[in-house]
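Reading through the C-alpha cells given below for one structure.
The values are calculated or read from the model by the stated rules, or taken from the named source; none is laboratory data. Since the model is a prediction, treat every value here as computed from it, not as a measurement. Glycine gets a Cβ as well: all are built from the backbone with ideal geometry, and neighbour counts include every protein chain shown.
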Amino acid sequence: MNYFELFGIPVSLQPDKAVLANKYFELQKQHHPDFYTQAGEAEQIAALEKSSLVNKALKVLQQPDQTIQYVLYLKGLLTENEKYQLPPGFLMDMMELNEKLTDEDPETFKQEVEVLEMDLYDEVKEMIETYNDATITTGHLLKIKEYYFKIKYLQRILDRIDD
C-alpha cells in the first residue's frame with residue numbers, strides 16, 4: 001500500500017495539507033499503539049507498524065520535494081541513490097553560481113538562488129499544480145524529475161552557505 005492509498009487520497013504532487021492532517025488524526029485514532037495495550041502481541045506489533053507507517057507517510061506528503069521524489073519512485077522513474085545526469089548548460093550555470101558564492105554577500109546570494117528556484121519552478125508549475133495521475137505523461141514526469149534534481153543541486157549549494 002502506498003502513502004496515498006494509506007491516506008485514501010488521490011496521487012498528487014501537492015496533497016491538501018488540511019486533508020492530510022484530518023486523515024492523519026483519523027488513522028492515528030485507529031492504529032496508535034496506546035489503543036492496543038490490552039490486545040495480543042501480534043495486534044500490538046501490527047498497530048505499532050501501521051502507526052509508524054502513518055507517521056512516515058505524513059512526513060513525506062507534507063514536504064513538496066519529498067512528495068515529488070515519492071511519486072517519481074512510485075512511477076518507476078526514480079531509484080534509490082540514483083545518479084542523475086543534469087544538462088550541461090545547467091551545470092555550467094551552477095559553476096558560475098558557485099564562483100559567486102565566495103564573492104557575494106550571503107543574503108544577496110540566497111536571493112539570487114531563490115529567483116533561480118522560482119524560474120525553475122515556473123517551467124513545471126502547471127504540471128505540478130494540475131497533476132492528474134490518470135493523464136500525466138512520462139514526458140511530463142521526466143521534466144518534473146529534472147526539476148527535482150536541479151532543486152536538490154541548488155539546495156546543496158545553499159547548505160554550503162550555512163556551514
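Which pairs do you get when a residue that is loosely packed, with under 14 Cβ neighbours inside 10 Å, found in the range 104-130, comes within reach of a residue that is in a helix (DSSP H, G or I) and β-branched (Val, Ile, Thr), reach meaning Cβ atoms under 6 angstrom, with the pair 6+ apart or on two chains?
Short answer, once both residue conditions are applied: 106/161.
Against the definition (surrounded by 14 or more Cβ atoms within 10 Å (Cβ to Cβ), in contact (Cβ under 8 Å) with a residue 12 or more places away in the chain and either in the same structural domain as residue 139 (by TED's automatic domain parsing) or not in a loop (DSSP other than H, G, I, E, B) (or both)), how does residue 44 come out, yes or no?
Considered against the rule, which asks whether it is surrounded by 14 or more Cβ atoms within 10 Å (Cβ to Cβ), in contact (Cβ under 8 Å) with a residue 12 or more places away in the chain and either in the same structural domain as residue 139 (by TED's automatic domain parsing) or not in a loop (DSSP other than H, G, I, E, B) (or both), residue 44 comes out as no.
Go through the residues of the range 133-149 one by one and say whether even a single one is more than 12 Å from residue 13 (Cβ to Cβ), touching a Phe, Trp or Tyr at 6+ places or on another chain (Cβ under 6 Å), in contact (Cβ under 8 Å) with a residue 60 or more places away in the chain and part of a helix (DSSP H, G or I).
Yes, some residue in the range 133-149 is more than 12 Å from residue 13 (Cβ to Cβ), touching a Phe, Trp or Tyr at 6+ places or on another chain (Cβ under 6 Å), in contact (Cβ under 8 Å) with a residue 60 or more places away in the chain and part of a helix (DSSP H, G or I).
Filter the range 5-18 for residues that are touching a helix residue (DSSP H, G or I) at 6+ places or on another chain (Cβ under 8 Å) and either basic (Lys, Arg) or on the phi < 0 side of the Ramachandran plot (or both) and give the result. Before the answer, list the steps.
Pass one, the range 5-18, residues touching a helix residue (DSSP H, G or I) at 6+ places or on another chain (Cβ under 8 Å): 6-15, 17.
Scanning the range 5-18 gives 6, 7, 9, 10, 11, 12, 13, 14, 15, 17.
Mind listing whichever residues of the range 48-90 are exposed (fewer than 12 other Cβ atoms within 10 Å of the Cβ), in a helix (DSSP H, G or I) and among the small types (Gly, Ala, Ser)?
Across the range 48-90, the qualifying residue is only 89.
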